[in-house]
Structure formats: structure tokens, C-alpha cells
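These notes are about the structure you will find just below.
The values are calculated or read from the model by the stated rules, or taken from the named source; none is laboratory data. This structure is a prediction, so every number in the text was calculated from the model and none was measured. Backbone-built Cβ (ideal geometry, glycine too); neighbour counts: all protein chains shown. To get the accessible areas, we keep the full protein, side chains included, count just its heavy atoms, and leave off ligands, DNA and RNA. Shrake-Rupley method; radii C 1.70, N 1.55, O 1.52, S 1.80 Å.
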Amino acid sequence: MDLSESFRKMALCLFVGYRALSINETPVACILVSDEDQSVLSIGYNDTNRSLNGTRHAEFLAIDKVLSTRCNGVSGSVLPERTTLYVTVEPCIMCASALKQVGISTVVYGCGNDRFGGNGTVLSIHEGNYKILPGILRTEAIQLLRNFYIQENESAPDPKIKKNKDLDNKEYPTMDYSRYMDRASFLESYGSERINVYSGDTEITPVFGSGYSIRDLISLEQVLSLPGIEVMYPNGKDNLEIFIEQDLNRFYKMFYDINNEGHVNFSGSILTTDSDDYIDTKRRKVE
């Protein structure tokens, strides 16, 4: 079974999450995609730090954009067409409930949400309501979160010095898919050739038996086509393509490749948010 399209869509979510990370938001991001023609309807990313509103999760922002443009902002509306949500982290219980109410058809997500997951980790709100497809670009979603948590929070009244900031060669927790779906559902969604992934032994790859690199999943043209991406570059609208290309080149360096056996290839080093290159670039952009 070829899952390449799901990986390409999730790579776009990761880039939006990376961009949120650069403005000190938790790097959780999503896109809403029409099931009919696979077009991206909207993007969303966590906006809780800027807005000081704990409900402004990525899923809510993406849903609001679609409802405001296609349903005239009518309260209580459902999505106007069958829609799939791609999101880097499992929706929390609040968001999972909202997805049920607006009529989402499928939720594809990267890593689980151990504390608040509403799609299998803590509660299973999706059951009987919409399909889930977890584990797509799972380690990359974890890597983005790790980069957020090693940063110093300049807004905190008493900033804590972060420990264990070395993200090179840091192992990833396994994902037991039996926690989220039975064996038959897994085979239907991922293909019988990936049954070894069911117990969390390896990572899911776009094509079974072949590894991947983030660089091969996302391009400048794909990012530029995202609706609303320019809003994430308020100071760079006149040179949007240049700014996104620069961001993409850094984004590519933040993740390990996955080899043909489905294992993380820890050879070499990755770019992290506490590296001199990342910090200097961010400082120059602010100045």
C-alpha cells in the first residue's frame, strides 16, 4: 500500500508547525483537506501563547477558517464536504470532540498525545465517528516538540534552565498501534506488508521497504500553495518565496532520515533550536 500522499500532506503540517516554533508557539499544526479533490482547504497552528487563549489549538483555527469562508460563519455549522484532518500531534480531548461535531471523516496524525489524547491514547472519541490513521511522520512530530521544550521561555517570570538539551541520537519512544486499532483495522489502513509495525518495532514509511527523507516529501511550490501561509510571514510578504525557501533549507536539516528497514538513521547531526546557526538566523530575522 502506497502512503506517499499522506506523508506529503503531513510534511506540510510539519512545516507549518516549524514556522509556529519560530514564533515561540508550541509546534502543533494541521491542514484540512477535501476528500473529493485532495485540495488543502485551510491550515492551522497553535496560537495559545500569542492570544493568551488556551482554546486556540491548531484544529480550531483550521476549522474556523473553513466555516467562515464556506459557511458564512454560521454557528453550529458542519464542514461543507467530506474532509480529512492532517495534524502533527494526536488531537486533545477538546479538539477530538469538536472534530466529531463538525463532521470530519478521517484524522491522520503523527505522534500520540500521552496526557490529553482524544483519539486513542487517553480517550477514543473517534470510535463510531471518524477514522484515524496514526503514526505518519511520527518521529518528526516528536522532534519538533523536543525542539520547543529545549528553548528558554523568555516570557516566564522565572525562566528555568533546560536540562538534557542534546537532541542528537536521542531515541524515540515506540508506538504500540494495538492501543489505537485492532489488527484487522491496521491491515486495512496500512497494508499487510507493514504488520511488523503494529507492535511498534519500526516506523511507517511511504512505500514499504523504502526509507525516506523529509527533503523528498515537501517542496517550495507546495508550501507556497498553502492557503494563508503568508500570514505566518508578516514581515516578509514582499519576499515571501525567498523567506520560505530559507526556512525550508533549515527545516530539512532538523530531522533524521528513515532507512529502508524503517529505523531512524542517527548518523550525522541535526539542526536544533539551541544551535548557533538556528539562533543567529532567528536573531537576524527579528532585527
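Observations, loosely collected:
- Selection count where residues are open to solvent by less than 10 Å² (accessible area, probe 1.4 Å) and within 15 Å of the chain's Cα centre (by Cα), scope segment 1-52: 21
- Of all the criteria given as (1) part of a strand (DSSP E or B); (2) modelled with pLDDT under 95, the one not satisfied by SER68 is (1).
- Residues in segment 103-153 that are part of a helix (DSSP H, G or I) and hydroxyl-bearing (Ser, Thr, Tyr) were compared, and the one that is modelled with the lowest pLDDT is TYR149.
- Unmet requirement for VAL87, which otherwise passes all of (1) in contact with a Leu (Cβ under 9 Å, 6 or more places away or on another chain); (2) touching a residue at least 60 places away in the same chain (Cβ under 8 Å); (3) crowded, with 23+ Cβ neighbours inside 10 Å; (4) in a strand (DSSP E or B): (1)
- Total residues in segment 195-218 satisfying the condition of being out of contact with any helix residue (DSSP H, G or I) (no Cβ under 8 Å at 6 or more places or on another chain) and either without any contact (Cβ under 8 Å) to a residue 12 or more places away in the chain or not in a loop (DSSP other than H, G, I, E, B) (or both): the figure is 2.
- Meets criteria (open to solvent by less than 40 Å² (accessible area, probe 1.4 Å) and modelled with pLDDT of 90 or more) for LEU79: no
- Segment 105-130, residues that are of a type in the set (Val, Ile, Thr) and either more than 26 Å from PRO206 (Cβ to Cβ) or open to solvent by 10 Å² or more (accessible area, probe 1.4 Å) (or both): THR106, THR121, VAL122, ILE125
- Hits in segment 90-103 (condition: open to solvent by less than 10 Å² (accessible area, probe 1.4 Å) and either free of Cβ contacts under 8 Å to residues at least 40 places away in the same chain or farther than 11 Å from TYR130 by Cα (or both)): GLU90, PRO91, CYS95, ALA96
- Looking across PHE243, PHE208, one residue alone is in contact with a Lys or Arg (Cβ under 7 Å, 6 or more places away or on another chain) and open to solvent by 30 Å² or more (accessible area, probe 1.4 Å). It is PHE208.
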